[in-house]
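Down below is the structure, laid out as structure tokens.
The values are calculated or read from the model by the stated rules, or taken from the named source; none is laboratory data. Predicted model, so just to flag it, every value in this text is computed and none were measured. Positions of Cβ are generated from backbone atoms using ideal geometry, with glycine treated the same way; all protein chains shown enter the neighbour counts. Accessible surface areas use protein heavy atoms only, side chains included; no ligands, DNA or RNA. Shrake-Rupley method; radii C 1.70, N 1.55, O 1.52, S 1.80 Å.
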Amino acid sequence: MVGDGPVLELRITQGRLAARTVMTCTAMAVVCIGLASLLAASELPRVVSSGGSLVLGCVAAGLLLAVLVALPTLFGGDPALTADGIRMKVFAWDRTQTVIPWSAIERLWIARTGQFDYLYVLPREPERYRRGRGLMRAGLMSQMHSAQGSALHIYLPADGISQERVRVAVEQFSGGTVRVTAAPSS
């Protein structure tokens with residue numbers, strides 16, 4: 001209880017720039033700079049322009065493209081644990097969130113991937129969340145599912161709420177039907 005009313009949700013604040021946003025922008029920028037470097041090494045810039053303005057223009061356009069592609073990850077709000085279920089983006093580039101009901105969740109666990117901790121969500125029907133929006137989405141989600149055990153995850157910032165608070169909130173909001181368990185063995 002907070003004040004006189006019940007707690008309606010526990011938001012997992014992602015901070016100003018979520019880690020996936022930074023990673024997406026960085027990866028896109030590296031790819032664009034690599035392409036611009038290949039272009040600079042080819043004969044095309046010498047034919048089109050005697051200066052480096054074309055190459056610099058390509059680098060600038062690449063960086064702008066990287067930022068524009070990553071912008072949707074900034075929208076849609078922070079994920080949250082609610083009485084209805086877990087509200088989250090199903091895919092990094094989604095602009096909106098979906099609620100995965102507690103009754104649809106088979107398993108939850110917290111694991112470290114690289115330098116970051118994530119709350120992984122395994123729904124009873126994971127294929128339901130991999131459909132649509134092109135082959136890239138389905139391919140990336142299938143790859144992550146194979147590597148991590150689930151394609152659905154929430155970044156847990158080090159300066160955010162504690163893992164123990166997440167565990168307690170899951171039990172409270174799910175009415176004890178769902179618990180955060182140990183990470184699956186590889």
Next item on the list: Name the residue, out of A70, A41, A83, that is of a type in the set (A, V, I, L, M, F, W, C), farther than 27 Å from V178 by Cα and either modelled with pLDDT of 70 or more or open to solvent by 70 Å² or more (accessible area, probe 1.4 Å) (or both).
Entry: A41
Margin query: Please go through segment 91-101 and give me each residue that is within 23 Å of V168 (Cα to Cα) and either buried (at least 20 other Cβ atoms within 10 Å of the Cβ) or modelled with pLDDT under 80 (or both), ordered by number.
Written below: I100
Check: Going through segment 140-181 one residue at a time, which ones are open to solvent by 70 Å² or more (accessible area, probe 1.4 Å), of a type in the set (A, V, I, L, M, F, W, C) and modelled with pLDDT of 85 or more?
Finding: none
Check: Going through segment 126-139 one residue at a time, which ones are surrounded by 15 or more Cβ atoms within 10 Å (Cβ to Cβ) and at pLDDT 70 or above?
Finding: P126, Y129
Check: What is the number of the single condition among (1) at pLDDT 70 or above; (2) touching a Pro at 6+ places or on another chain (Cβ under 7 Å); (3) within 20 Å of I33 (Cα to Cα) that V55 does not meet?
Finding: (1)
Item checked: Hits in segment 141-179 - residues which are among the aliphatic types (A, V, I, L, M), over 19 Å from Q14 (Cβ atoms) and in contact (Cβ under 8 Å) with a residue 40 or more places away in the chain -> M141, V178
